[in-house]
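The values are calculated or read from the model by the stated rules, or taken from the named source; none is laboratory data. Here the structure is a predicted model, which is why all the values come from computation and not from measurement. Glycine gets a Cβ as well: all are built from the backbone with ideal geometry, and neighbour counts include every protein chain shown. The area values use the complete protein model at the heavy-atom level, side chains included, leaving out ligands, DNA and RNA. Shrake-Rupley method; radii C 1.70, N 1.55, O 1.52, S 1.80 Å.
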Amino acid sequence: MVGPLRPQFVLFGSSIVQQSFRNEGWGAILADLYARKADILLRGYSGWNSRHALQVLDQVFPKDAAIQPSLVIVYFGDNDSMLPHPSGLGPHVPLPEYIENMRKIALHLKSLSEKTRIIFLSAPPVSEEQICETFSLKLVELHRTNESCRIYSEACLELCREMDIKAIDLWTVIQKRDDWLTASFTDGIHLSSEGSKTVVKEIMKVLSEADWEPSLHWKSLPAEFAEDPPYVPVSPDGKAKL
């Protein structure tokens with residue numbers, strides 16, 4: 001830990017979190033936006049589902065930690081929503097289990113601190129055609145569909161309403177762009193810079209509207225140290241006059 005201590009924002013999720021500093025990603029945008037104001041901590045695990053997340057929850061977010069995060073942004077659902085493989089293998093998690101896993105994650109995070117705030121991101125859409133082009137798949141072999149993403153997205157949002165957790169409906173907001181099928185992804189699944197801009201816009205909207213004390217919006221947080229360095233007089237020989 002380096003000081004002074006800043007608020008900690010933890011991004012917790014699967015590959016869309018792990019890769020959020022690539023391609024001008026949403027994690028990188030947040031880190032730039034909150035420079036000198038908050039530390040953006042990446043806890044992303046490519047290929048993981050909500051079942052994996054539960055297995056490490058106590059290690060990633062120990063309840064006895066001296067410092068608890070000010071904000072946790074949680075994203076699981078894209079891998080859970082993949083269609084089940086005939087072999088029984090793969091990342092698919094049945095919808096009822098997914099809902100309960102996300103409930104347990106939320107309850108654990110709520111127990112960390114009265115000041116720990118939570119935002120859930122629902123499963124975004126996918127561009128099925130782009131997936132097939134990128135991974136040389138036929139549609140009949142596609143295990144990620146936009147319809148399955150919708151089902152898991154709606155389940156996540158319903159859980160958040162039930163538990164009074166802030167949530168962002170990525171499945172809907174990304175599809176508001178006319179060109180979302182080609183502009184929002186790098187491979188049909190993972191977010192492009194344009195897709196990431198949408199995510200950050202929605203996160204900022206939640207933070208600006210939330211009645212949290214203190215506010216976690218970047219405009220409300222103080223910058224570390226003064227914005228302008230103090231003036232130090234310097235003598236002709238280059239030495240500071242103290």
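Return the residues of segment 71-105 that are among the charged types (D, E, K, R) and in a loop (DSSP other than H, G, I, E, B); say none if nothing qualifies.
Across segment 71-105, the qualifying residues are 78, 80.
In this structure, does residue 122 turn out to be modelled with pLDDT under 95, of a type in the set (Ser, Thr, Tyr), open to solvent by less than 30 Å² (accessible area, probe 1.4 Å) and within 28 Å of residue 201 (Cα to Cα)?
no
Mind checking which residues of segment 30-55 are among the basic types (Lys, Arg) and assigned to a loop (DSSP other than H, G, I, E, B)? Walk me through it before giving the result.
Going residue by residue through segment 30-55, those that are among the basic types (Lys, Arg) are 36-37, 43, 51.
36, 37 - these are the residues of segment 30-55 that are among the basic types (Lys, Arg) and assigned to a loop (DSSP other than H, G, I, E, B).
Among residues of segment 39-50 that are farther than 19 Å from residue 217 by Cα, those with a beta-carbon under 6 Å from a residue that is open to solvent by less than 40 Å² (accessible area, probe 1.4 Å) and among the β-branched types (Val, Ile, Thr) at least six positions away or on a different chain give the pairs 43/10; 43/60; 44/17; 49/93; 50/93.
Residue 134: over 29 Å from residue 38 (Cβ atoms), of a type in the set (Ser, Thr, Tyr) and either open to solvent by 60 Å² or more (accessible area, probe 1.4 Å) or out of contact with any His (no Cβ under 8 Å at 6 or more places or on another chain) (or both), yes or no?
It is true that residue 134 is over 29 Å from residue 38 (Cβ atoms), of a type in the set (Ser, Thr, Tyr) and either open to solvent by 60 Å² or more (accessible area, probe 1.4 Å) or out of contact with any His (no Cβ under 8 Å at 6 or more places or on another chain) (or both).
The C-beta contact set for segment 167-189 (first residue at pLDDT below 95, second residue among the β-branched types (Val, Ile, Thr), distance under 6 angstrom, 6+ apart or interchain) comprises 187/134; 188/126; 188/131; 188/134; 189/126.
Among helices (runs of 4 or more DSSP H) entirely within segment 106-202, having at least 1 residues that are within 30 Å of residue 62 (Cα to Cα) and among the aromatic types (Phe, Trp, Tyr) singles out 146-163.
Taking first residues from segment 198-210 that are closer than 11 Å to residue 118 by Cα and partners that are surrounded by 15 or more Cβ atoms within 10 Å (Cβ to Cβ), the Cβ contacts under 6 Å between residues at least 6 apart in sequence or on separate chains come to 206/119; 206/166; 207/216; 207/217.
If the condition is being open to solvent by less than 20 Å² (accessible area, probe 1.4 Å) and out of contact with any strand residue (DSSP E or B) (no Cβ under 6 Å at 6 or more places or on another chain), then segment 157-172 contributes only 159.
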